[in-house]
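*Asks:* What follows is a structure written as structure tokens; I'll ask about it next.
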Amino acid sequence: MQVAATTSLPADTDVDTVAVAVFDGEEIAHDTPGKALQSLLDSGEARTKPRALALAHAGGKRWLLVGMGSREKFTAETARAAAAVAQGRIAELGATALCWELPHHVGPEIAEALVEGTLLAAYRFERYHAQDEDSPPPPQLERLLVSGHDDLSEAVERARIVSEAVCAARDLQNTPSNDMTPAALATRARALADEIDGLTVEVEGRDGLLARKMGSFAAVAQGSDEEPALITMRYHGPGASGPVLGLVGKAVTFDTGGISLKPGLKMSEMKFDMSGGATVVEAVGAIARLALPVSIVAVVGATENMPSGHAVKPGDIVRASNGVTIEVNNTDAEGRLVLADCLVHARALGAERLVDLATLTGAILVTLGHTHAGLMSNDDDWAAQVTAAGETTGEITWRLPLHSEYADAVKGQYGDLNNAPEDRLAGSIVAAEFLHRFAEDTPWVHLDIAGTAWGMKRPYAAKGGSGFGVRLLVQLARTLA
Ligand code: BES
Ligand code: MN
Ligand code: ZN
């Protein structure tokens, strides 16, 4: 989609549809000559409650009044959700060019939210559907303008780049595991590095894992015939001076559970178990496209988790690259095994602040549903900074505690650690304490996105993969810059 900012009034642009925000107790700022919009409000047909929609026709254009509620409660998330609802109606109407009028008295972050809400809601994943020759696809939105009194081009362009990265992450997530192999994810990372200045990528396979003595990651990969991929991306932005940001992503392209096989119900959803890795790859791409002045080292661990004659077995003891030994009591607790070596690697490559994203535990779904991601951290300031980035983007997190008693649960009987204590108590926290042993005292945030990576119930998050975390990571990089 073509996206641009304009300082022309919407009426003077060549779009077919204009969207205008309406607030409680406020009149229309720029009406049509015949006062078509104010009359809709006055008659009660248009309402100001959040996400209410009303339609008018005037001056050869379609006008959509979009309720935003009260000014006091108005946030970027209100705008994002309302823009997404508006996009749904606009799609039904067959509009091809839309102009959003930026409300008065708001900052550029609202322009960003309007672009995000529109682009994220317009996302479709249709590459596996046959084209119906008899009924051509309905017209789609091709052009989006945001009109404001001031120049909004920077905010609008940033929102376009970031939204496209979210949609690219969703494509990676939604692609089934027979096509979205570890090698395919690595190919996407390479394509980004080829295209974007200052971004480099290195991909290592099974031999690389073994050479690096990543026995923990390699143990997960050994059951699969697919070649695993250790994907390392590096970006050094112009004028970067802050701490090196280390981003780590779990990319299990399919999680069967391995020998500790999962039950069949909804197992197909385990194609989404690479969501953390998809988010990291696309977020780094967006940060580099925006040329943000930060330094990043990103490590994505990609593999399948399969049962087979050469799969790791319950009770096997493996050695991670930092020398720590792990009893693999449950082969379905594979994410932490992959991340352990990736965290060690990111630190060895100079990461000074860590964020890992992983669809790590079913328990986080029980705790927080599809609304908040679980956040666990060894550093209050870093946790607050990551939380704040998510508040800004609507990718909200909720912190759960770490404690030495939880850490005790991952102590091993025959090795240093065990990957899955039998009692399963505090499952998400115990998983985080396992990772903590590899992050050590580097300021680190673990985001458990098992509830938010797909199935989110936001107007701008379509069915399927949500791309959760892409916008948060870009925002975090902006606050580091
Ligand atoms: N990928 C799963 C976690 C998951 C489950 C994500 C459901 C989304 C929906 C992870 O690898 C896993 O299987 N975790 C186990 C850990 C347990 C064996 C300690 C879990 O949560 O059951
Ligand atoms: Mn698993
Ligand atoms: Zn998994």
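*Asks:* Just to be sure I understand, how many residues within segment 120-157 are more than 20 Å from SER466 (Cβ to Cβ) and touching a residue at least 12 places away in the same chain (Cβ under 8 Å)?
*Replies:* So the answer is 20.
*Asks:* I'm checking my understanding of the structure. Among residues of segment 384-411 that are of a type in the set (S, T, N, Q) and closer than 20 Å to GLU112 by Cα, which one is surrounded by the fewest Cβ atoms within 10 Å (Cβ to Cβ)?
*Replies:* THR387
*Asks:* For SER177, indicate whether it is among the polar types (S, T, N, Q), part of a loop (DSSP other than H, G, I, E, B) and at pLDDT below 95.
*Replies:* It is false that SER177 is among the polar types (S, T, N, Q), part of a loop (DSSP other than H, G, I, E, B) and at pLDDT below 95.
*Asks:* If we only count strands (runs of 3 or more DSSP E) wholly inside segment 1-118, which ones have 3 or more residues that are more than 27 Å from the chain's Cα centre (by Cα)?
*Replies:* 17-23, 53-58, 61-69
*Asks:* In addition: Among the residues of segment 274-286, is any touching a Ser or Thr at 6+ places or on another chain (Cβ under 6 Å) and of a type in the set (S, T, N, Q)?
*Replies:* yes
*Asks:* Right, next: Mind checking which pairs have a first residue in segment 371-382 that is under 11 Å from ARG399 (Cβ atoms) and a second that is open to solvent by less than 50 Å² (accessible area, probe 1.4 Å) and among the aromatic types (Phe, Trp, Tyr), Cβ under 7 Å, 6 or more apart or different chains?
*Replies:* ALA373/PHE468; SER377/TRP444
*Asks:* Select from segment 426-468 the residues that are among the charged types (D, E, K, R), away from ligand 2 (no atom under 16 Å from the Cβ) and within 22 Å of GLU352 (Cα to Cα) and write down the one among them that is most open to solvent (accessible area, probe 1.4 Å).
*Replies:* ASP441
*Asks:* Among the residues in segment 242-262, are any open to solvent by 30 Å² or more (accessible area, probe 1.4 Å), within 14 Å of ligand 2 (Cβ to nearest atom) and charged (D, E, K, R)?
*Replies:* The answer is yes; a qualifying residue exists.
*Asks:* Scan segment 469-481 for residues that are small (Gly, Ala, Ser) and open to solvent by 10 Å² or more (accessible area, probe 1.4 Å) and jot them down.
*Replies:* ALA481
*Asks:* Give ASP332, ASP356 a once-over and let me know the one that is under 23 Å from GLU395 (Cα atoms) and of a type outside the set (S, T, N, Q).
*Replies:* After applying the criteria, what remains is ASP356.
*Asks:* How many residues are more than 17 Å from the chain's Cα centre (by Cα) and under 25 Å from LEU343 (Cβ atoms) if we restrict to segment 271-292?
*Replies:* Result for segment 271-292: 1.
*Asks:* Right, next: Find the helices (runs of 4 or more DSSP H) located wholly in segment 348-462 whose residues include 1 or more that are over 30 Å from ARG158 (Cα atoms) and within 16 Å of ligand 1 (Cβ to nearest atom), and list them.
*Replies:* Result: 363-368, 404-409, 427-439.
*Asks:* Another question about this same structure. Name the single residue, out of those in segment 348-375 being closer than 21 Å to PRO228 by Cα and away from ligand 3 (no atom under 16 Å from the Cβ), that is least open to solvent (accessible area, probe 1.4 Å).
*Replies:* If we take residues in segment 348-375 being closer than 21 Å to PRO228 by Cα and away from ligand 3 (no atom under 16 Å from the Cβ), then LEU349 is least open to solvent (accessible area, probe 1.4 Å).
*Asks:* LEU261 - would you say it is farther than 21 Å from SER308 by Cα, more than 10 Å from ligand 1 (Cβ to nearest atom) and among the aliphatic types (A, V, I, L, M)?
*Replies:* No, not satisfied.
*Asks:* VAL220 is checked against (1) part of a helix (DSSP H, G or I); (2) touching a Ser or Thr at 6+ places or on another chain (Cβ under 8 Å); (3) open to solvent by 10 Å² or more (accessible area, probe 1.4 Å) and fails just one. What number does that condition carry?
*Replies:* Unmet for VAL220, out of (1) part of a helix (DSSP H, G or I); (2) touching a Ser or Thr at 6+ places or on another chain (Cβ under 8 Å); (3) open to solvent by 10 Å² or more (accessible area, probe 1.4 Å): (3).
The values are calculated or read from the model by the stated rules, or taken from the named source; none is laboratory data. All figures in this text were calculated on a predicted structure; none of them were measured in a lab. Every residue, glycine as well, gets a Cβ built from its backbone with ideal geometry; the counts of neighbours run over all protein chains shown. Surface areas here come from the heavy atoms of the whole protein model, side chains and all, with no ligands, DNA or RNA. Shrake-Rupley method; radii C 1.70, N 1.55, O 1.52, S 1.80 Å.
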